[in-house]
Amino acid sequence: MFDRYGPPPTADEILDALDPEQRRVAKSVDGAVCVLAGAGTGKTRAITHRIAYGVLTGVMQPTQTLAVTFTARAAGEMRGRLRRLGVSGVQARTFHAAALRQLQFFWPRTYGADPPRLTESKIPLVAEAVQDCRLRADRAELRDLTGEVEWAKATQTAPDDYPGQVAATRRKPPRDAAEVARVYAAYEKIKAGRGLMDFEDVLLLTVGLLDERIEVREQVQAQYRHFTVDEYQDVNPLQQRLLDLWAQQARSLCVVGDASQTIYSFTGATPSFLLGFKHRHRGAEVVELVRDYRSTVQVVRLANRLLTHATGEAAKHRLELVSQRGEGPAPHFVEFADEPGEAEGVARRVKKLLDAGVRAAEIAVLFRSNAQSEGYEQA
């Protein structure tokens, strides 16, 4: 780790701070590179050091470099890391933030008007659409319908095409596909009538603008010559289409991800873009990061065993991680009859640890969603 108050590191010092595989990533500053990185293997370290090394060696210009993340927090963390490495001026943004900025700049210059206003929440509009269709839906059903609209737009599926796409992909919609299509169409009509756009529209409109206006596309492609995409296993077809337009003339493209960690499949994300990267980019370098610096030998061993039971295309490309931390306590697996019983069991375990002198600040309880927290808190 470099001192944020000391002199910035040299290019050689950037490389010296990395393990051999991370160093390969950092030195791959030209062309296409795909980084397959398991959990805890230092992928963010590798890609930020790659950008810093590219800038310090003169291959990359910071203002021509765009790093794409999946959360604003991750983008902020990346900018902070780059500053500590002596690099400023790199754009680190989410897909939506980068697209919105381009839309706000180019839309008025192209069409002579402001772009549609961004709506903060889809659910109220979906609720109106349900009423317009003379249907009923409770709050949980409204959330499910909203998610289905998001999936359709992320996969670039129009309302009329939705039932066919659902059948073709064997998707299980929250209610009859024809009803979902009606709600989806009504939602789009309401939104258009009020001059609104949602987050998926930000990407759709930017794709449309870049696709239709060659002068806009050329300006964007001239602006950004180097791209880095984090969590690439969670890219959906719409985001991939936007990336293709952005990086068509790029000097370098680095993607990083792990097919076993795909968590946004419900929004249309697919690891196929990650797994097919080297086929779409002939000559691309592929680097595997498997040294796990986060977890003990026992945890990594269990994770490797669990992944041997995975199925599908991603299972063929799973990474065998190697712990760098040494021994630790063995994970303990306990089953319960139901969720309340599980919460009570966790509470008993926490009390036992506290009675044994373990500080509360050293105990963490993880659960799948925030909605489950109440049961654990009450137990």
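The values are calculated or read from the model by the stated rules, or taken from the named source; none is laboratory data. Please read all numbers here as calculations on a predicted model, not as lab measurements. Cβ atoms come from the backbone with ideal geometry, glycine included; neighbour counts cover every protein chain shown.
Scanning the range 8-47 for residues that are over 18 Å from His226 (Cβ atoms), touching a residue at least 60 places away in the same chain (Cβ under 8 Å) and not in a helix (DSSP H, G or I) returns Pro8, Pro9, Asp19, Leu36, Ala37, Gly38, Ala39, Gly40, Thr41, Gly42. Does Val229 count as crowded, with 17+ Cβ neighbours inside 10 Å, modelled with pLDDT of 95 or more, assigned by TED's automatic domain parsing to the domain that holds Thr262 and not acidic (Asp, Glu)? For Val229, the condition - crowded, with 17+ Cβ neighbours inside 10 Å, modelled with pLDDT of 95 or more, assigned by TED's automatic domain parsing to the domain that holds Thr262 and not acidic (Asp, Glu) - is met. Within the option set Pro174, Pro163, being farther than 28 Å from Ala99 by Cα, surrounded by fewer than 19 Cβ atoms within 10 Å (Cβ to Cβ) and at pLDDT below 95 holds for one residue only, Pro174. Contact map, the range 337-353: residues that are free of Cβ contacts under 8 Å to residues at least 60 places away in the same chain and within 15 Å of Glu374 (Cα to Cα) paired with residues that are exposed (fewer than 12 other Cβ atoms within 10 Å of the Cβ) and of a type outside the set (Phe, Trp, Tyr), Cβ distance under 9 Å, separation 6+ or inter-chain. Pairs shown: Glu342/Val334; Glu342/Glu335; Ala343/Glu377; Ala343/Gln378; Gly345/Val334; Ala347/Gln378.
Among the residues in the range 17-24, are any assigned by TED's automatic domain parsing to the domain that holds Ala269 and at positive phi?
Of the residues in the range 17-24, the ones assigned by TED's automatic domain parsing to the domain that holds Ala269 are 17-24.
Pick out the ones that are also at positive phi and you get none.
No, the range 17-24 contains no residue that is assigned by TED's automatic domain parsing to the domain that holds Ala269 and at positive phi.
The numbered conditions (1) over 28 Å from Pro271 (Cα atoms); (2) part of a loop (DSSP other than H, G, I, E, B) are all true for Ala361 except (2). Residue-level check: of (1) within 21 Å of the chain's Cα centre (by Cα); (2) free of Cβ contacts under 8 Å to residues at least 60 places away in the same chain, Tyr184 misses just (1). If a residue must be in contact with a Pro (Cβ under 9 Å, 6 or more places away or on another chain), under 30 Å from Arg109 (Cα atoms) and among the basic types (Lys, Arg), how many such residues does the range 171-216 contain? So the answer is 2. Do the conditions hold for Arg73, that is, is it surrounded by 21 or more Cβ atoms within 10 Å (Cβ to Cβ), of a type in the set (D, E, K, R) and not in a loop (DSSP other than H, G, I, E, B)? Taking the combined requirement at face value, the residue does not satisfy it.
Kindly indicate which of Asp211, Asp201 is under 17 Å from Leu238 (Cβ atoms) and surrounded by 19 or more Cβ atoms within 10 Å (Cβ to Cβ). Break it down stepwise before answering.
On the way: Asp211 fails: surrounded by 19 or more Cβ atoms within 10 Å (Cβ to Cβ).
After ruling out the rest, the residue left standing is Asp201.
Taking the range 202-228, which residues are more than 19 Å from Gly89 (Cβ to Cβ) and either among the basic types (Lys, Arg) or touching a residue at least 12 places away in the same chain (Cβ under 8 Å) (or both)? Selection gives Val202, Leu203, Leu204, Leu205, Thr206, Val207, Leu209, Leu210, Asp211, Arg213, Val216, Arg217. Taking the criterion of being over 21 Å from Leu204 (Cα atoms) and among the small types (Gly, Ala, Ser), the residues of the range 237-254 that qualify are Ala250, Ser252.
Can you confirm whether Thr296 is closer than 23 Å to Thr44 by Cα and either of a type in the set (Ser, Thr, Tyr) or not assigned by TED's automatic domain parsing to the domain that holds Thr228 (or both)?
Working: closer than 23 Å to Thr44 by Cα: yes; either of a type in the set (Ser, Thr, Tyr) or not assigned by TED's automatic domain parsing to the domain that holds Thr228 (or both): yes.
Answer is yes for this residue.
Kindly establish whether Asp198 is touching a strand residue (DSSP E or B) at 6+ places or on another chain (Cβ under 9 Å) and either over 30 Å from Gly54 (Cβ atoms) or not assigned by TED's automatic domain parsing to the domain that holds Ser252 (or both).
On the way: touching a strand residue (DSSP E or B) at 6+ places or on another chain (Cβ under 9 Å): yes; either over 30 Å from Gly54 (Cβ atoms) or not assigned by TED's automatic domain parsing to the domain that holds Ser252 (or both): yes.
For Asp198, the condition - touching a strand residue (DSSP E or B) at 6+ places or on another chain (Cβ under 9 Å) and either over 30 Å from Gly54 (Cβ atoms) or not assigned by TED's automatic domain parsing to the domain that holds Ser252 (or both) - is met.
Candidates are the residues of the range 48-64 that are assigned to a loop (DSSP other than H, G, I, E, B) and among the aliphatic types (A, V, I, L, M); the one that is surrounded by the most Cβ atoms within 10 Å (Cβ to Cβ) is Met60.
The condition of being more than 24 Å from the chain's Cα centre (by Cα), more than 28 Å from Arg24 (Cα to Cα) and aromatic (Phe, Trp, Tyr) holds for Phe336.
Residue-by-condition table, conditions (1) modelled with pLDDT under 95; (2) out of contact with any strand residue (DSSP E or B) (no Cβ under 9 Å at 6 or more places or on another chain):
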{"position": "Arg4", "(1), (2)": "yes, yes"}
{"position": "Pro7", "(1), (2)": "yes, yes"}
{"position": "Leu18", "(1), (2)": "no, yes"}
{"position": "Gly38", "(1), (2)": "yes, no"}
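Pick from the range 337-353 the residues that are of a type in the set (Gly, Ala, Ser) and in a helix (DSSP H, G or I): which of them is surrounded by the most Cβ atoms within 10 Å (Cβ to Cβ)? Quick ask: steps written out before the conclusion?
Pass one, the range 337-353, residues of a type in the set (Gly, Ala, Ser): 337, 341, 343, 345, 347.
Now narrow it down to the ones that are in a helix (DSSP H, G or I): 341, 343, 345, 347.
Values: Gly341: 12, Ala343: 21, Gly345: 14, Ala347: 16.
My answer is Ala343.
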